[in-house]
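Take a look at the structure below.
The values are calculated or read from the model by the stated rules, or taken from the named source; none is laboratory data. Since this is a predicted model, take the numbers as computed values, not measurements. Cβ atoms come from the backbone with ideal geometry, glycine included; neighbour counts cover every protein chain shown. Each accessible area value is taken on the protein alone, full model and side chains, heavy atoms only, with ligands, DNA and RNA left out. Shrake-Rupley method; radii C 1.70, N 1.55, O 1.52, S 1.80 Å.
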Amino acid sequence: MRKILLIIVTTVVFQSCNFGSSGTQKNESIEASKIQEIKVLNDKLFKAIMSNDIPGVKALFSDKLLTIVNSDLDKLVGTMSNNYPSKSYTILDQYYVSNTAVDIPNTLISGVSGDNDYIINYKALNKEMFTVLLMPTTTHNDALITVIYGKYGNEWKINILQFGQYTLLKKTAPDYFKLAQESYKKGYLIDAVNYITVAKQCLNPAGESFKYQKEQEISNFYDKVLGEAKAKFILPFTLDNIESKPKVFRIFPQMTKDGFMPEICYVSNIKLADTVALKAENEKVKIEVAKTFYGIDKGKSKVFYGAYNEIPDGKKEVMQYRFIEVISKGKSIKTK
């Protein structure tokens, strides 16, 4: 499964700024006839995206958006259709805005106190604007398709289209932020780093125009825990209590159907072909990792280990021998 979907921001930017006021309606408060109008367009857009029909997508664009769209659209629509294939979608939220003037800022606020509350900002190119947050129906990870329509005469056209990652394993960025906070309070520093790292991966599901109310809090916590981890554990980190002196050079969250599990990568001086000696060393590595990186095995169903003979540099293929530690509620039960 892809952990993150690249974000496209196809937006029209103008230097001028007018003065005016706006009235906003959200979800059920929007007039049914307007919702139906937009639904017809949403259905056309969704079908075009899922079938990788670029001309079909562009046919819904405003003239102004067509002037700035480039080949990135082809790549990103392809990414959506390939990685999030779906026959249906749900609507997270939708907003209708009536403006007294054009080229004025519009601000959409989902709420102010909920964990997942957000703000969307954009420049209104039309007196009537309609924003829809669509999510293809999926099993594990949710992408967000943000569509901002403007009304030209009697016709709605897309002014802004954005794609991004909304959830990973059905949890949002603020959900992972909460898990990171809970881990940090328990003293599980590496868990906190892993969870806040995942949070950052889905923090901006509609580019810079979409901001969670807790975005700054999440970013500050990210800087805090990463700073503490880097100060405490300088990688590569040698496990000195093991005679073969393996060196941990990376720890990251691995996506599984049960949630994100830690994967520990280390350099071993034992040849990967010597699986017997490698496994004996890994038994010791598990013990030292659990002691050194406190909490890393707590509340987990699995912990992954990758043994290497050299640190990958990203330029050439490097072999690894992988171990999977399966953990019961109390204790590790086996390694594969």
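Against the list (1) farther than 25 Å from VAL102 by Cα; (2) in contact with a Leu (Cβ under 7 Å, 6 or more places away or on another chain); (3) in a strand (DSSP E or B), the condition HIS140 fails is (3). The set of residues in segment 257-283 that are assigned to a strand (DSSP E or B) and either exposed (fewer than 15 other Cβ atoms within 10 Å of the Cβ) or not β-branched (Val, Ile, Thr) (or both) comprises GLY259, PHE260, MET261, PRO262, GLU263, CYS265, TYR266.
On the stretch given as segment 130-165, residues that are closer than 17 Å to LEU76 by Cα and either open to solvent by 20 Å² or more (accessible area, probe 1.4 Å) or of a type in the set (Val, Ile, Thr) (or both) total 6.
May I ask you to list the residues in segment 81-109 that are closer than 15 Å to TYR166 by Cα and in contact with a Phe, Trp or Tyr (Cβ under 7 Å, 6 or more places away or on another chain)?
Of everything in segment 81-109, just one residue is closer than 15 Å to TYR166 by Cα and in contact with a Phe, Trp or Tyr (Cβ under 7 Å, 6 or more places away or on another chain), namely TYR89.
Out of curiosity, is GLU243 modelled with pLDDT of 95 or more, assigned to a loop (DSSP other than H, G, I, E, B) and more than 20 Å from GLY306 (Cβ to Cβ)? Against the criterion (modelled with pLDDT of 95 or more, assigned to a loop (DSSP other than H, G, I, E, B) and more than 20 Å from GLY306 (Cβ to Cβ)), GLU243 qualifies.
What residue, among those in segment 60-89 that are over 17 Å from ASN141 (Cβ atoms), touching a residue at least 12 places away in the same chain (Cβ under 8 Å) and of a type in the set (A, V, I, L, M), is most open to solvent (accessible area, probe 1.4 Å)? Within segment 60-89, the match that is most open to solvent (accessible area, probe 1.4 Å) is ILE68.
For beta carbons closer than 8 Å, sequence separation of 6+ or different chains, a first residue in segment 141-154 that is under 30 Å from GLY259 (Cα atoms) and of a type in the set (Gly, Ala, Ser) and a second that is part of a strand (DSSP E or B) and open to solvent by 10 Å² or more (accessible area, probe 1.4 Å), the qualifying pairs are ALA143/MET135; ALA143/TYR166. In segment 101-129, the residue that is surrounded by the fewest Cβ atoms within 10 Å (Cβ to Cβ) out of those that are hydrophobic (A, V, I, L, M, F, W, C) and part of a strand (DSSP E or B) is ILE109. Do we have any residue at all in segment 194-202 that's in contact with a strand residue (DSSP E or B) (Cβ under 7 Å, 6 or more places away or on another chain) and within 30 Å of LYS123 (Cβ to Cβ)? Among the residues of segment 194-202, at least one is in contact with a strand residue (DSSP E or B) (Cβ under 7 Å, 6 or more places away or on another chain) and within 30 Å of LYS123 (Cβ to Cβ), which makes the answer yes.
Among residues of segment 183-196 that are within 10 Å of PRO253 (Cβ to Cβ), those with a Cβ under 7 angstrom from a residue that is of a type in the set (A, V, I, L, M) and open to solvent by 40 Å² or more (accessible area, probe 1.4 Å), sequence gap 6+ or separate chain, pair up as TYR195/LEU179.
Identify all residues within segment 143-177 that are outside any loop (DSSP other than H, G, I, E, B) and farther than 26 Å from GLY56 by Cβ; write none if there are none.
Keep residues of segment 143-177 that are outside any loop (DSSP other than H, G, I, E, B), which gives 143-152, 155-168, 171, 173-177.
Of everything in segment 143-177, those that are outside any loop (DSSP other than H, G, I, E, B) and farther than 26 Å from GLY56 by Cβ turn out to be THR167, LEU168, LYS171, ALA173, PRO174, ASP175, TYR176, PHE177.
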